[in-house]
Structure formats: structure tokens, C-alpha cells
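Reviewing the structure listed below.
The values are calculated or read from the model by the stated rules, or taken from the named source; none is laboratory data. Just so it is clear, the model here is predicted, and its values are computed rather than measured. Using ideal geometry, Cβ is built from the backbone for each residue, glycine included, and neighbour counts are taken over all protein chains shown. Ligands, DNA and RNA are stripped out before the accessible areas are found, and what is left, the full protein with its side chains, is counted by its heavy atoms. Shrake-Rupley method; radii C 1.70, N 1.55, O 1.52, S 1.80 Å.
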Amino acid sequence: MTEQTNETRNRAVLVGLSAHSLPREDNASETSLEELAALVETAGGECVGMLLQNRDAPEARTFIGEGKVEEVAQLVQAQQADLVVFDNELSPSQQRVLTEEMGVQVIDRAGLILDIFAQRARTKEGRLQVELAQYQYLLPRLTGMWGHLVRQTASGGKSPIGTRGPGETQLETDRRHIRRKIAKLTQDLEEVRRVRAVQRDRREKNEVPVVAIVGYTNAGKSTLLNALTDAGIPARNRLFDTLDTTTRTLELSDTCTVLISDTVGFIRKLPHHLVEAFKATLEELAYADLILHVIDASNPEWREQAAVVEGLITQLGAQATPRLEVFNKSDVYVGEIRPHGEDIVSISAKTGEGLPELLEKIRRRLDTGVHRVTLSLPYDKGGLLDMLYRQAKVESVEYGETIQVEALCSEKTIGQVKAYVTGGWQPPKEFWED
């Protein structure tokens, strides 16, 4: 006998506000609500209704106004929804009031994205980052979770015995517990940063260039990494399908090998808690030798999406890092003229179109003229080995009549070795010192 289980999907009504007093990027629109519906689908729910409100400014208590709250409540009841998701950011008090008046759970876009990240995180580092962001988001919203005690309290100040002190005590206990958790998670992520810094120093010492793939969520970053390196990452057509960073080796030529990593996808109104929590991972952008900004060329909103990514790159301090704009999904591009330029390449990671041109552009940027050479050093010049270990990638050392060294060296290092052997160059004393 086989046991059948039916998963219940949340039925969500989506609400957005467009107000003259809000910054353009904080306003909701039909496009952002459609993206929100895709996020709900990614989280495992389904959209059963949408409502976009226009007004001069948000209403302090309910955000969208009492009339609209009643309209949303009626839509929730008619559609038998059990969740309302706001495209805008809600304050903790607004979220609490709306939950009470609509009779179902109310969350905002940030809360929904955090829930998706919690589902997607697989590695220890990813789970640490998501957990920290969730606690930072939760802390100011704790009061609303004790609403059952508040509702038992009469407006005149008379309360049933036992409903005042314990509620406050438990609330403060929870706050202290969460603050301790935040402090511990922050400490753990600092350790992650320290380990990353050590790995970064080792890469720089070995002269291994790093390429970082960034882009709007669902732009095709994982598909591109798979196409270039056979990484084997599951790549499905949904938002935030890949959360944990994957790094692979990419051989561009006999003398140029790079590390290439994909990163978490960016999106409009990415919760600042997530940006802060993921800095341990995203700060790698600032240390990359080249950024591949993957853009979904088939999306009519690609300019707006690219601007979101550029803004976050700047926020993370990587605006000075060299980059290539990679217009992906060119096989379904609907425009007449494809984007083109010195730092632009059109590809289809799915079909392989344009990948040779992309690899050539990467090679031209990162292949620094390193040569594989065999050097014969006299024993009295053996001190050069120390310099080679510092400035080149030594592959083997054999001792015979001379010291035979096989290494990957830059032309500058080769010239210094020749000059030193012939007595034409003497390094300063501090050159040999750590």
C-alpha cells in the first residue's frame, strides 16, 4: 500500500503601493507585482489575486489606507487565501495591524525573499548567512507575536491576572535570546571571512586570477558556469534556484588557468539584512580580477535589472573591478540589433552560441603573458629559488649538475633571473625578507 501525501500550497493575495512620496525604486508596479508572483511560486505558493494601490503617500497605520484594507480583506475571503504579501517594505507595527485586520498572515517582499533563501541554503556558510538575516529581520517584529496577550488586556488598564508581567518577561527573554544568536552568528561569519582572506592570499601568491559571475536572479548564471566548466549545478527556470556559491577551475590556455565562481542572484528591493549577511560571500567581488555581469537579453526589463545589479556592485565596493557585460539567452532575443561593444558579448549558455568569443575576451583580459620555462641555475645562484617561489608558479625542481626548475613565469621574472645569473642585477636586501 503506497502512502499519498498532498502538500498544501499557500494561496496568496499580492498588494502593492505606488506613492508620489516614495522613491521610485520603493514603489510597486505591475511589473514588480508579476515578479512578486514568481517569488511566491518559487516559495511554494500560488498567487490568487493582485491589487495595486495609488495614493500620494503611505498611510501611517495601515500603509494602504482603511478602504483598501477592507477591499483586500474581501478579496482574501472571496479567494479563500491564507496569505497576503506586500511588494513594499512594511514597518513592524503596520505588519501587525494588517495581520489583525485581514485575519491572515501578512508579510512583505523582504520576508518572502528570506523564506526562499532559507529553503535554498545548503552549505553551512549559506545557512549561517540566512539565519543571521532572519534574526535581524525578526527582532523588531517580536512584539506582534505576543498579540494574544495584548488582546486579553482591557483598554481601561484592567487585565486578567497573569497576562501582563509574564508576557513582557517572555518578550524580553526572546529579545535577549535573539540578540545572543545574532552576536554568535556574526562571530561565526567573521571566521568565514578570515578563512576566505587566507584563501584569497594563497590565490594571489600563486597568481591564480578569479572571475566572478554576477547578475539578476534567473539571468542564467548557473547555466553559464555549467557550460564553461561542466560544473553540474542544477539550473532550473525559477528565481533564486541557486543560492550557495560554486567555484570551478577554468583553463583558458596552457599557461592561464582561472577560478570562476557564480554568486547569489540579485533582485529589486533585496533585503538589506541579506546584503549585510552575505557580505562574507559577496565581498569576493571586490577582490575578483574580472566580473562577468550576466544580463537576460530576452527580458524586456533588462535595463532596469542591469541597473539593480550595478547598484549592488557599487554598494559592495566592487565598482572599480573590470567587467564584461554578458548578454545571455541570445537564442530568444527579440530585438533587431544585439548589444555590442568592446566589453560586451552576446551568448546563449543553453546552446553554446558565443561562448568561444566570451572565452577569448576573458583570456585577453587575464592572460598576462606567463610562459612555461625550464631554468638551469648554478648552485651558487640557488637563492633564486626563493624568488621563483615568490614570483612564479614552480612546478618541479630537480638537482643534477645544475638546479633544473620548471615553472610558469612572467617575462619580467625571466628577465630578472637571466640578469641575476649573469651578474647584471642584484635584488635589494629586503627582497629576500618576509
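Taking first residues from the range 282-306 that are of a type in the set (S, T, N, Q) and partners that are in a loop (DSSP other than H, G, I, E, B) and crowded, with 22+ Cβ neighbours inside 10 Å, the Cβ contacts under 6 Å between residues at least 6 apart in sequence or on separate chains come to Ser298/Lys329. Residue count for the range 332-358 under the criterion of being open to solvent by less than 60 Å² (accessible area, probe 1.4 Å) and assigned to a helix (DSSP H, G or I): the result is 2.
The condition of being open to solvent by 90 Å² or more (accessible area, probe 1.4 Å) and of a type in the set (Val, Ile, Thr) does not hold for Thr42.
Does the range 98-112 include one or more residues that are small (Gly, Ala, Ser) and closer than 30 Å to Arg180 by Cβ?
Yes, because at least one residue in the range 98-112 is small (Gly, Ala, Ser) and closer than 30 Å to Arg180 by Cβ.
Of all the numbered requirements in (1) under 15 Å from the mean Cα position of the chain (by Cα); (2) more than 30 Å from Met387 (Cα to Cα); (3) at pLDDT below 85, Ala231 misses one, and that requirement is (1). Candidates are the residues of the range 101-135 that are outside any helix (DSSP H, G or I) and among the charged types (D, E, K, R); the one that is surrounded by the most Cβ atoms within 10 Å (Cβ to Cβ) is Asp108. In the range 66-78, the count of residues that are in a strand (DSSP E or B) and within 22 Å of Lys269 (Cβ to Cβ) is zero. For the range 303-329, taking the residues that are in a loop (DSSP other than H, G, I, E, B) and not hydroxyl-bearing (Ser, Thr, Tyr), the one that is nearest to the chain's Cα centre (by Cα) is identified as Leu316.
For the range 56-70, how many residues are of a type outside the set (Lys, Arg) and either open to solvent by 90 Å² or more (accessible area, probe 1.4 Å) or over 16 Å from Val85 (Cβ atoms) (or both)?
Number of matching residues: 9.
Please determine whether any residue of the range 177-185 is under 30 Å from Val326 (Cβ atoms), β-branched (Val, Ile, Thr), surrounded by 13 or more Cβ atoms within 10 Å (Cβ to Cβ) and at pLDDT 85 or above. No, the range 177-185 has no match at all.
For Ala38, the requirement of being free of Cβ contacts under 8 Å to residues at least 24 places away in the same chain and within 25 Å of the chain's Cα centre (by Cα) is not met.
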